[in-house]
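*Asks:* Pasting a structure here, questions to come.
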Amino acid sequence: MAFYVVQFLTGLASAASLFLVASGLSIIFGVTRIVNFAHGAFYMLGAYVAFTLTERFAGAFGFWGGIVVAALALAAIGVLVEMVLLRRIYHSPELFQLLATFGLTLMVEDLVVLIWGPDDLVGRRAPGFKGAIDFFGQNIPSYDLFLIVLGPVVLGVLWLLFQRTRWGVLVRAATQDRDMVAALGVNQKWLFTSVFALGVFLAALGGALQIPRDAVNHAMDLRVIVEVFVVVVIGGLGSIIGAFVAAVLVSELNAFGILIFPKISIILVFLVMAVVLIVRPWGLFGKPEAPARRTPGLAVNPWRPLTTNERLAAIAVLIVAAALPFVAGNYLLTVGSEIAIFVIFAVSLHFLMSVGGLASFGHAAYFGLGAYGVALLAKMAGLPMIACLLLGPLLGLMGAAVFGFFAVQLSGVYFAMLTLAFAQIVWSIAFQWVSVTGGDNGILGVWPEKWAASPSHFYWLSLGIAALAVVILRIIVFSPFGFALRATRDSPLRSEAIGINGKRIQWTAFVIAGTVAGLAGALFAYLKGSVFPDNMGISLSVDALVMVLLGGVETVSGAVVGAIVYKALNIWLVSQTDLSKLVLGGFVVLIVVAFPKGIVGTLEAFMHRRRKSSSSASSPLLTSRIESAE
Amino acid sequence: MKLTVKDLNSFYGPAHILFDIALEVGEGEVVALLGRNGAGKSTTFRSIVGLVENRSGRVMFEGRDVSDLPTHAIVRGGLGYVPEERRIFTDLTVEENLEVGRQPKRAGAPQWDREKLFKLFPNLGEMRGRPGGRMSGGEQQMLTIARTLMGNPSLVLLDEPSEGLSPKIVEQMVDAILAMKKEGVSIVVSEQNLHFARLISDRAYIIERGRICFGGTMAELDARPDIRDAHLSL
């Protein structure tokens, strides 16, 4: 019995940090409507800076001073980030905001390694809380008791801040209607900045307070952000009490899940989250959001199928690509195969994002499931390659069917967070279920059969499947199903009103996208001859997002170009620098801020303008009349 | 002049909404902006306080050019705005709603505080702790005016204050607006209801399809039934 009580208290202690981080995320979202992906990075930086301050400058600040100064320093950095970056993207579609803050996260990961090195750092114990308390023969660290008290204290302070101060009243008002707050003479800019600073302070404090409990390392940002996303999805974005209750719930589920399912404890959290989402899609303490504002969002030119000339051009490009084996060596062909595979992966996400308006932040899950499907079928069942290629993606299909069902109940940022959480769950299953997946060692020796083994043959196979995938997805875009999907994307209410079952359409799109991604993963497994948990990792999901964004979210198949450019650049970059995440993250931020239409989108806009100006030269009267009629 | 608007043009996306709007409001005057639904009344107000991004033209307030200032700065300068949709903060109590509107005192402008406003709108005084979301439409309309007055404005843009209110509440609204005028607040009130406008206004403009097509005293408007019938639905 005593053991369970101690386990419970350990859970409560873990909840404290989780609550701090989650409440910070919630507060920021409430006012700015930005889901700050970089929140985990601030948490991690808080821990690192606190480590340095308590180790090197303990004389100046003492331990507790070090913790507080670290959180304050990060808050100051947060102010800088808000003023330099976020102020430029408050009016961008939410996808861009998520991506920009994600780019920031990537940069921080490399910077942290650069500054503090790649090894785990073990911080010192908190003075006054070094010992443990005996509880019927079980030890409870006294620091845990401190954290257990701290959680509710912070909750209380935040409550007072929001209920009893003018600043709190303004923040709550801005949470509901920020334009009206401005129309009453309040300078929103500083309100946003101060809210962001408070949120970052809480995240950094959460990280700093972890140093006596856990080693500081450069992967703690993603670990915490996934947990925090789960917490805010369960508790409801924007609700501080929700963040508290859900943080306790998730921490306890983790604490006891380890006893029940030692290997896959995260499943338990997932099940609870799924139940909450079915019963209350907006979380336990959240409020239902109005139907999502425009999802893709910039000025969309109407889509049209390719003209005959454009089709011929596309076929010509394909023929040129197919001629590569006659001029290129084996290395280039392998790179070519990889690029073709990523074209398949990118167009599958593009289909979901641009056509379906559903920005998935965990699309790699289905890529990875396809890869594992092939590996398991080939290694365990010993099926031939064709059968594996056909059946392997079915694992992606099944994953997409299950996760997609829950995910499409939500939209916008909730959808993005949920897909990310699902992907992390799939990843941790692959990582933890060693007896089946081989864990970190992966599954090796998945080689193609003779007929596809040579680099040129495999290249042709990949290229052929990529071309097929692009064509099929384009056909779907311009099919009645595609129209229904786009109608649901552009106006859920109106499409519902004309009898379209939006959720089912979106679910179907999710399954299609997951299956195509699975196909890409299946080919990838054969290309590399092995599968690893990283084949479904977060960075792969982000790669796909960047490819889509780089190509142009608002184009029909810009992802093809995005994938080719990005993958080629990436392969080259990784061979050139160790700081690929730093460069990549900077690149993502740059695209979002300076180049939101992507390559194909920018080209299209350019062509559109040229067409417009040349036609206005021929008949100025006509165009001017049309414009004023608009 | 308290407020002078010149050559105001506004756009929503590619759509041109307002065409060369010109308005003048004198010190302590109540001016009605009359027009049908969709004529451009709300857009005019939103453009004056800087809530329409794509706009051009000049807005002079108390002799200062405020055309390029951000919304909060215009409002802080003493130009209050009461939106048509009321936009009460539903989670906040009556007192908290007023707190959001509170601004420092301004020399030369009428001063308001909570107690004075509760005298002007006695209903609000009886429900100080009630969340805005649990108030009737009339009470919300009073709260939104009171909230703007907390900023001690010298001029208020009042967007369709009588819309959707019962006749009894409309009467209270007339009294409240006249009381505001007596305190020295200049008011521009947009209305579809000529009867209501006549009770409170010194002068009127008529706006139709984004253009001002009449400006004059109420007596001058009454002398032109043709204009009245052509541009106002009665």
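The values are calculated or read from the model by the stated rules, or taken from the named source; none is laboratory data. All values reported here derive from a predicted model rather than from experimental measurement. Ideal geometry is used to build each Cβ from the backbone, glycine not excepted, and the neighbour counts take in all protein chains shown.
*Asks:* Go through A:L161, A:L191 for me and flag whichever is within 28 Å of A:V49 (Cβ to Cβ) and touching a Lys or Arg at 6+ places or on another chain (Cβ under 9 Å). Lay out the reasoning, then the answer.
*Replies:* Numbers: A:L161 fails: touching a Lys or Arg at 6+ places or on another chain (Cβ under 9 Å).
None of the others qualify; the one that does is A:L191.
*Asks:* Checking the conditions here, which among A:V186, A:V232 is within 14 Å of chain B (Cβ to nearest Cβ), crowded, with 24+ Cβ neighbours inside 10 Å and β-branched (V, I, T)? Break it down into steps so the answer makes sense when it comes.
*Replies:* On the way: A:V232 fails: within 14 Å of chain B (Cβ to nearest Cβ).
Checking each option against the conditions leaves just A:V186.
*Asks:* Report whether or not A:A13 is crowded, with 20+ Cβ neighbours inside 10 Å and within 26 Å of A:G236 (Cβ to Cβ).
*Replies:* Numbers: crowded, with 20+ Cβ neighbours inside 10 Å: yes; within 26 Å of A:G236 (Cβ to Cβ): yes.
Yes; evaluated as a whole, the condition is true for this residue.
*Asks:* If you don't mind, there's one more thing I want to ask. When the residues of the stretch B:14-45 are filtered to those that are within 14 Å of another protein chain (Cβ to nearest Cβ) and without any contact (Cβ under 8 Å) to a residue 24 or more places away in the chain, which remaining residue is farthest from B:E220 (Cα to Cα)?
*Replies:* Checking each candidate, the answer is B:P14.
*Asks:* Quick one: which of A:A559, A:A568 is buried (at least 21 other Cβ atoms within 10 Å of the Cβ) and over 26 Å from A:M83 (Cα atoms)? Working first, answer last.
*Replies:* Numbers: A:A568 fails: buried (at least 21 other Cβ atoms within 10 Å of the Cβ).
Among A:A559, A:A568, only A:A559 is buried (at least 21 other Cβ atoms within 10 Å of the Cβ) and over 26 Å from A:M83 (Cα atoms).
*Asks:* Since A:F458 meets every condition but one in (1) modelled with pLDDT of 90 or more; (2) loosely packed, with under 15 Cβ neighbours inside 10 Å; (3) assigned to a helix (DSSP H, G or I); (4) not basic (K, R), which condition does it not meet?
*Replies:* Of (1) modelled with pLDDT of 90 or more; (2) loosely packed, with under 15 Cβ neighbours inside 10 Å; (3) assigned to a helix (DSSP H, G or I); (4) not basic (K, R), only one is false for A:F458: (2).
*Asks:* Of the conditions (1) over 22 Å from A:G11 (Cβ atoms); (2) more than 14 Å from every other protein chain (Cβ to nearest Cβ); (3) touching a Phe, Trp or Tyr at 6+ places or on another chain (Cβ under 6 Å), A:A197 satisfies every one except a single condition; which number is it?
*Replies:* Among (1) over 22 Å from A:G11 (Cβ atoms); (2) more than 14 Å from every other protein chain (Cβ to nearest Cβ); (3) touching a Phe, Trp or Tyr at 6+ places or on another chain (Cβ under 6 Å), the lone unmet condition for A:A197 is (3).
*Asks:* So, in the stretch B:72-89, how many residues would count as being within 8 Å of another protein chain (Cβ to nearest Cβ) and more than 10 Å from the chain's Cα centre (by Cα)? Quick ask: steps written out before the conclusion?
*Replies:* Going residue by residue through the stretch B:72-89, those that are within 8 Å of another protein chain (Cβ to nearest Cβ) are B:72-73, B:75-76, B:81, B:83, B:87, B:89.
Still in the running and more than 10 Å from the chain's Cα centre (by Cα): B:72-73, B:75-76, B:87, B:89.
Of the residues in the stretch B:72-89, 6 are within 8 Å of another protein chain (Cβ to nearest Cβ) and more than 10 Å from the chain's Cα centre (by Cα).
*Asks:* Within the stretch B:74-93, is even one residue charged (D, E, K, R) and free of Cβ contacts under 8 Å to residues at least 24 places away in the same chain? First the steps, then the outcome.
*Replies:* Let us first name the residues in the stretch B:74-93 that are charged (D, E, K, R), namely B:76, B:84-87, B:91.
Now drop any that are not free of Cβ contacts under 8 Å to residues at least 24 places away in the same chain, which leaves B:85.
There is at least one residue in the stretch B:74-93 that is charged (D, E, K, R) and free of Cβ contacts under 8 Å to residues at least 24 places away in the same chain.
*Asks:* Something else now. I'd like to verify a number: residues in the stretch B:5-35 that are closer than 29 Å to B:A179 by Cβ and surrounded by fewer than 16 Cβ atoms within 10 Å (Cβ to Cβ), how many?
*Replies:* Of the residues in the stretch B:5-35, 2 are closer than 29 Å to B:A179 by Cβ and surrounded by fewer than 16 Cβ atoms within 10 Å (Cβ to Cβ).
*Asks:* In addition: Select, from A:L160, A:L209, the only residue that is closer than 30 Å to B:L98 by Cβ and more than 14 Å from every other protein chain (Cβ to nearest Cβ).
*Replies:* Numbers: A:L209 fails: closer than 30 Å to B:L98 by Cβ.
Every option except A:L160 fails the conditions.
*Asks:* Restricting the search to the stretch A:87-137, which residues are small (G, A, S) and within 26 Å of the chain's Cα centre (by Cα)? It would help to see each step written out before you state the result.
*Replies:* As a first pass, look at the stretch A:87-137 and keep what is small (G, A, S): A:92, A:100, A:103, A:117, A:123, A:126, A:128, A:131-132, A:137.
Correct list: A:S92, A:A100, A:G103, A:G117.
*Asks:* Just to be sure, is A:V553 under 19 Å from the mean Cα position of the chain (by Cα) and either crowded, with 22+ Cβ neighbours inside 10 Å or under 22 Å from A:T105 (Cα atoms) (or both)?
*Replies:* Working: under 19 Å from the mean Cα position of the chain (by Cα): yes; either crowded, with 22+ Cβ neighbours inside 10 Å or under 22 Å from A:T105 (Cα atoms) (or both): yes.
Criteria met by A:V553.
*Asks:* Here is a further query. Which one is farthest from the other protein chains (Cβ to nearest Cβ) among residues in the stretch B:90-110 that are part of a loop (DSSP other than H, G, I, E, B) and among the aliphatic types (A, V, I, L, M)?
*Replies:* Step one: list which residues in the stretch B:90-110 are part of a loop (DSSP other than H, G, I, E, B), which gives B:90-92, B:102-110.
Imposing the further condition that a residue be among the aliphatic types (A, V, I, L, M) reduces the set to B:92, B:107, B:109.
On the way: B:L92: 6, B:A107: 16, B:A109: 13 Å.
Top of the filtered list is B:A107.
*Asks:* Give A:F415, A:F422 a once-over and let me know the one that is of a type in the set (F, W, Y), crowded, with 19+ Cβ neighbours inside 10 Å, closer than 24 Å to A:F361 by Cα and in contact with a Ser or Thr (Cβ under 8 Å, 6 or more places away or on another chain).
*Replies:* Details: A:F422 fails: in contact with a Ser or Thr (Cβ under 8 Å, 6 or more places away or on another chain).
Residue meeting the stated conditions: A:F415.
*Asks:* For the stretch A:494-514, does any single residue satisfy the condition of being within 27 Å of the chain's Cα centre (by Cα), part of a loop (DSSP other than H, G, I, E, B), modelled with pLDDT under 95 and among the small types (G, A, S)?
*Replies:* no
*Asks:* Kindly indicate the residue of the stretch A:165-186 that is at pLDDT 90 or above and in contact with a Gly (Cβ under 7 Å, 6 or more places away or on another chain) and also nearest to B:L69 (Cα to Cα) among those meeting that condition.
*Replies:* A:G185
*Asks:* Ok, one more. Does B:R128 fit the bill of being free of Cβ contacts under 8 Å to residues at least 40 places away in the same chain, more than 9 Å from chain A (Cβ to nearest Cβ) and among the basic types (K, R)?
*Replies:* On the way: free of Cβ contacts under 8 Å to residues at least 40 places away in the same chain: yes; more than 9 Å from chain A (Cβ to nearest Cβ): yes; among the basic types (K, R): yes.
Yes.
*Asks:* Tell me which residues, restricted to the stretch B:186-230, are closer than 20 Å to B:P161 by Cα and assigned to a helix (DSSP H, G or I). Break it down stepwise before answering.
*Replies:* Start the filter on the stretch B:186-230 by keeping residues that are closer than 20 Å to B:P161 by Cα, which leaves B:186-208, B:218.
Those that are closer than 20 Å to B:P161 by Cα and assigned to a helix (DSSP H, G or I): B:L194, B:H195, B:F196, B:A197, B:R198, B:L199, B:I200, B:M218.
*Asks:* So how many residues does the stretch B:131-161 have that are surrounded by fewer than 16 Cβ atoms within 10 Å (Cβ to Cβ), more than 14 Å from every other protein chain (Cβ to nearest Cβ) and either basic (K, R) or not in a loop (DSSP other than H, G, I, E, B) (or both)? Let's see the steps before the verdict.
*Replies:* From the stretch B:131-161, those surrounded by fewer than 16 Cβ atoms within 10 Å (Cβ to Cβ) are B:133-134, B:136-137; that's our starting set.
Next, only the ones that are more than 14 Å from every other protein chain (Cβ to nearest Cβ) stay: B:134, B:136-137.
Pick out the ones that are also either basic (K, R) or not in a loop (DSSP other than H, G, I, E, B) (or both) and you get B:134, B:137.
Looking only at that region, the number is 2.
*Asks:* Another question about this same structure. Among the residues of the stretch A:215-227, is there at least one that is within 14 Å of another protein chain (Cβ to nearest Cβ) and either out of contact with any strand residue (DSSP E or B) (no Cβ under 7 Å at 6 or more places or on another chain) or among the basic types (K, R) (or both)?
*Replies:* If we filter the stretch A:215-227 for residues that are within 14 Å of another protein chain (Cβ to nearest Cβ), which is where we start, we get none.
So far as the stretch A:215-227 goes, no, none of its residues is within 14 Å of another protein chain (Cβ to nearest Cβ) and either out of contact with any strand residue (DSSP E or B) (no Cβ under 7 Å at 6 or more places or on another chain) or among the basic types (K, R) (or both).
*Asks:* Then there is this: Taking helices (runs of 4 or more DSSP H) that do not extend beyond the stretch A:34-127, which have at least 1 residues that are acidic (D, E)?
*Replies:* Numbers: elements: A:39-56, A:58-81, A:94-116.
Of the helices (runs of 4 or more DSSP H) lying wholly inside the stretch A:34-127, those with at least 1 residues that are acidic (D, E) span A:39-56, A:94-116.
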